[in-house]
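The values are calculated or read from the model by the stated rules, or taken from the named source; none is laboratory data. Only a predicted model underlies this, so the values are computations on that prediction, with no experimental measurement involved. No Cβ is skipped: glycine too gets one built from the backbone with ideal geometry, and neighbour counts run over all protein chains shown. The area values use the complete protein model at the heavy-atom level, side chains included, leaving out ligands, DNA and RNA. Shrake-Rupley method; radii C 1.70, N 1.55, O 1.52, S 1.80 Å.
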Amino acid sequence: DLTARALPTFAGRTDELAQLGEALSDRSERAIFVISGPGGIGKTRLLQELSVLGRTVPHIRVLEIIDFDLPTYEIPQIIGRTIARQFPTALFAPYLESIYLRQMAEEGGIDPVRLAAQTLDVNRKFVECFNQASADTRIVLRFDTIEKMQGQVSFNRVLDLIFQLNNVVVAFAGRSRSDD
């Protein structure tokens, strides 16, 4: 990762980085961290350092940062697609096929009950594919600027999804509500 190597030497935040490092080596089902504070204190930089740290621990895969400052992520389904595209296509093929089928159902004017069932199938397929990918490799998900998530519903959807994933470390970074 050229971006990570181009970063100047990381100074400070050693306690936080040590906690994140312990979570990488831990074999619990999942670890979730929230990095919060005012702008400019190094939240994003800590997320970047997690990638550098991940290269030192065997069987770790650190995925790219999903930054909610980008309007793309206003659509919750894009999060799953972003994660899936960081793996070999064959690994997430059942998930990608279920997305395609859901899109076809939407375009065909499927009734809301069947569409809801199709949506549940998409989510189930994502979880199955992710848990297969994380069977032997601990996956690190990094989310930045979480205060810009579109409402509590979106955040709850992401949390619901995360609690179904195995062998994962999740780091959320963002400003606290009082800093908005």
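Summary table below
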| item | result |
| --- | --- |
| Pairs, first touching a residue at least 24 places away in the same chain (Cβ under 8 Å) and under 16 Å from residue 144 (Cα atoms) in segment 156-172, second among the aromatic types (Phe, Trp, Tyr) and open to solvent by less than 40 Å² (accessible area, probe 1.4 Å), C-beta under 9 Å, six or more apart | 158/143; 158/172; 170/143; 171/143; 172/143 |
| Positions within segment 49-88 being under 19 Å from residue 161 (Cβ atoms), acidic (Asp, Glu) and either open to solvent by 80 Å² or more (accessible area, probe 1.4 Å) or in a helix (DSSP H, G or I) (or both), in sequence order | 74 |
| Selection status of residue 46, assigned to a helix (DSSP H, G or I) and either open to solvent by less than 70 Å² (accessible area, probe 1.4 Å) or not charged (D, E, K, R) (or both) | yes |
| Of all residues in segment 94-127 being charged (D, E, K, R) and surrounded by 14 or more Cβ atoms within 10 Å (Cβ to Cβ), the one that is modelled with the lowest pLDDT | 102 |
| Residues of segment 16-35 classified as farther than 16 Å from residue 173 by Cβ, assigned to a helix (DSSP H, G or I), open to solvent by 40 Å² or more (accessible area, probe 1.4 Å) and not hydrophobic (A, V, I, L, M, F, W, C), total | 2 |
| Breaking point among (1) modelled with pLDDT of 85 or more; (2) open to solvent by 60 Å² or more (accessible area, probe 1.4 Å), for residue 91 | (2) |
| Extreme residue, modelled with the lowest pLDDT, among residues of segment 1-23 that are hydrophobic (A, V, I, L, M, F, W, C) and farther than 12 Å from residue 52 by Cα | 11 |
| Selected residue [modelled with pLDDT of 90 or more and in contact with a strand residue (DSSP E or B) (Cβ under 6 Å, 6 or more places away or on another chain)] from 45, 61, 85 | 61 |
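For (1) touching a Phe, Trp or Tyr at 6+ places or on another chain (Cβ under 6 Å); (2) open to solvent by 20 Å² or more (accessible area, probe 1.4 Å); (3) within 16 Å of residue 61 (Cβ to Cβ); (4) modelled with pLDDT of 95 or more, each residue gets a yes or a no:
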site: 134; (1), (2), (3), (4): no, no, yes, yes
site: 137; (1), (2), (3), (4): no, yes, yes, no
site: 150; (1), (2), (3), (4): no, yes, no, no
site: 157; (1), (2), (3), (4): no, yes, no, no
